[in-house]
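A quick write-up on the structure given underneath.
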Amino acid sequence: MNKEIKGTIALVVSICVLFFGNNWVEQSTGKSIFAWISDSLKQTNNSPSLPLESDNTSASITITSSVPSATMPVSPTLSVTLTTVTPSVTLLAPKETWKQEGMELTPVKDEFSENKLRIWWEIKNNTSQDRLVVYSHENFKAETNTERELTVGVFEGGGLSCRGEERKLLKPGQTLELCHTPSFGGLPMSVSVDLAMPDLEYIIVTASDISRVEKAQWKFPASFR
């Protein structure tokens, strides 16, 4: 019985407190006590948290948006894919390699003798696919420093020669000596030139239409002087 009386008294007191408290809150804030409590809880949840003590740990931030932040400038990341191609206006020196669309053509050796410039050539397939190489001496042109056109002869040496069109399928990474022979390896191409010409300083040799190689040029100085 005592517990029931105490419970009843506590209930009556709570109702009175709630009633008078609600009246006081409405007069002070214009809101009911329940709305006031709800707003108070929201403000508590939205309040900023206190800054934590620094532990000297660096943070790595990855920005994926291409639009710069209004508060933090972002430097754009440039992705560049490099492709090795010799510029078309380049005039290479002897033994330098012309690179074009994955094919590489190189005059690996040259010499002046008997009114001729002899040049040994190699071509490499630096692509990921098989490449057919078709060539002859007619794929080469030559002229002097005074723009005098010279005659390009066949690949020959040691009594052997390549007089017609040669065809070879190159695997990825494979290198071919032009006019390859089992006995002598690659044979040289020849350029006929009068070595006694007083104004002869160098010869320009141009290779075209050999696989993907177009208008590759080399400058061969008249080093015999």
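The values are calculated or read from the model by the stated rules, or taken from the named source; none is laboratory data. From a predicted model like this one, the values you see are computed outputs, not experimental measurements. All Cβ positions, glycine included, derive from the backbone under ideal geometry; neighbour counts span all protein chains shown.
What to note about this one:
- Taken as a whole, the condition of being in the same structural domain as I119 (by TED's automatic domain parsing), closer than 21 Å to F112 by Cβ, among the aliphatic types (A, V, I, L, M) and touching a Cys at 6+ places or on another chain (Cβ under 6 Å) applies to L187.
- Residues of segment 104-146 satisfying the condition of being among the polar types (S, T, N, Q), under 34 Å from the mean Cα position of the chain (by Cα) and loosely packed, with under 14 Cβ neighbours inside 10 Å: S128, Q129
- Considering segment 204-225, the residues that are assigned to a strand (DSSP E or B) and crowded, with 20+ Cβ neighbours inside 10 Å include one that is farthest from the chain's Cα centre (by Cα), namely F220.
- Any hit, segment 192-204, residues being in contact with a helix residue (DSSP H, G or I) (Cβ under 9 Å, 6 or more places away or on another chain) and under 22 Å from W98 (Cβ atoms): no
- Test: residue in segment 174-191 that is in contact with a Pro (Cβ under 9 Å, 6 or more places away or on another chain) and surrounded by fewer than 17 Cβ atoms within 10 Å (Cβ to Cβ): no
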